[in-house]
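What follows is one structure encoded as structure tokens, with my remarks underneath.
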Amino acid sequence: EVQLVESGGGLIQPGESLRLSCAVSGFAVSGDFMGWVRQAPGRGPEWVSVIYTAGTRFYGDSVRGRFIISRDVSENTLYLQMNSLRAEDTAVYYCARAIRGYLAGAYFFYFDSWGPGTLVTVSS
Amino acid sequence: SYELTQPPSVSVSPGQTASISCSGDKLGGNYVSWYQQKPGQSPVLVICQDNIRRMRFPERFSGSKSGNTATLTISGTQALDEADYFCQTWDSNTVIFGGGTKLSVL
């Protein structure tokens, strides 16, 4: 059974750093595309970052240069290192497994499994 | 990247058909997925690759796309379908979500 469980959220002051973890079971974190999506209170989801099977990483405009996605194959865990946190980073952070493929001349990409999320609150 | 636009809310009577639209400038050339999210829960994938329904969802859920507009259709809407629905696409290594539509079953 596929399971993803996030941890590491909490209350943190602006400018500080926090690392989120996502423990994965039922598949290999290195064998699939993995990503982080966040959702601020009352808002829709916002893509944060994705790491491809080859290790290539991409980031959303609002976090590029501050956040780093990584994975530990031995622990089968996905991470999100968040630096220089701002009030607008306050959100529930979800890790998710992604599926990407190429069909009829176009790529498809979607998140097929999600964790329950962990809340990050940035406030003084 | 670009934006995906959804209506903020859609209301439907039980048993009627609900249609939720999602529009974007380049959507015609990109595949669309749809997610359902109920209060306090994580999003759940409903439709991928424009029109492929996940098995956990009944046949009354369907997806379609015409030009730059995708549509999630729920036929015979039931009270348990009341939720937020988000569309999502991928373009140039960027994931884009729509703002979401709150479906009310009145």
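The values are calculated or read from the model by the stated rules, or taken from the named source; none is laboratory data. On a predicted model such as this, the values are computed, not experimentally measured, just so you know. In this analysis, Cβ positions are derived from the backbone assuming ideal geometry, glycine residues included, and neighbour counts consider all displayed protein chains. Heads up: the accessible areas ignore ligands, DNA and RNA and are worked out on the full protein's heavy atoms, side chains in. Shrake-Rupley method; radii C 1.70, N 1.55, O 1.52, S 1.80 Å.
General observations
- Flag if A:ALA54 is closer than 24 Å to B:ILE47 by Cβ and surrounded by fewer than 17 Cβ atoms within 10 Å (Cβ to Cβ): no
- Meeting the requirement of 2 or more residues that are touching a residue at least 12 places away in the same chain (Cβ under 8 Å), the strands (runs of 3 or more DSSP E) wholly within the range A:30-124 are A:33-39, A:45-51, A:67-72, A:77-82, A:91-103, A:106-114, A:118-122.
- Residue tally, condition out of contact with any strand residue (DSSP E or B) (no Cβ under 6 Å at 6 or more places or on another chain), under 22 Å from B:TYR2 (Cβ atoms) and more than 10 Å from chain B (Cβ to nearest Cβ), over the range A:52-66: 3
- Unique residue being within 23 Å of B:GLN36 (Cα to Cα) and modelled with pLDDT under 95 when the list is A:GLY35, A:GLY44, A:GLY105: A:GLY44
Conditions tested, residue by residue: (1) within 13 Å of another protein chain (Cβ to nearest Cβ); (2) open to solvent by 10 Å² or more (accessible area, probe 1.4 Å); (3) of a type in the set (D, E, K, R).
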residue: B:SER33; (1), (2), (3): yes, no, no
residue: B:GLN36; (1), (2), (3): yes, yes, no
residue: B:PRO39; (1), (2), (3): yes, yes, no
residue: B:GLU59; (1), (2), (3): no, yes, yes
residue: B:THR77; (1), (2), (3): no, no, no
residue: B:CYS87; (1), (2), (3): yes, no, no
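- Criterion: open to solvent by 20 Å² or more (accessible area, probe 1.4 Å) and under 12 Å from the mean Cα position of the chain (by Cα) - qualifying residue of A:ARG71, A:ARG86, A:ARG43: A:ARG71
- Residue that is farthest from the chain's Cα centre (by Cα), among those in the range B:77-106 that are small (Gly, Ala, Ser) and at pLDDT 95 or above: B:ALA79
- Residue tally, condition at pLDDT below 95 and in a loop (DSSP other than H, G, I, E, B), over the range B:1-30: 6
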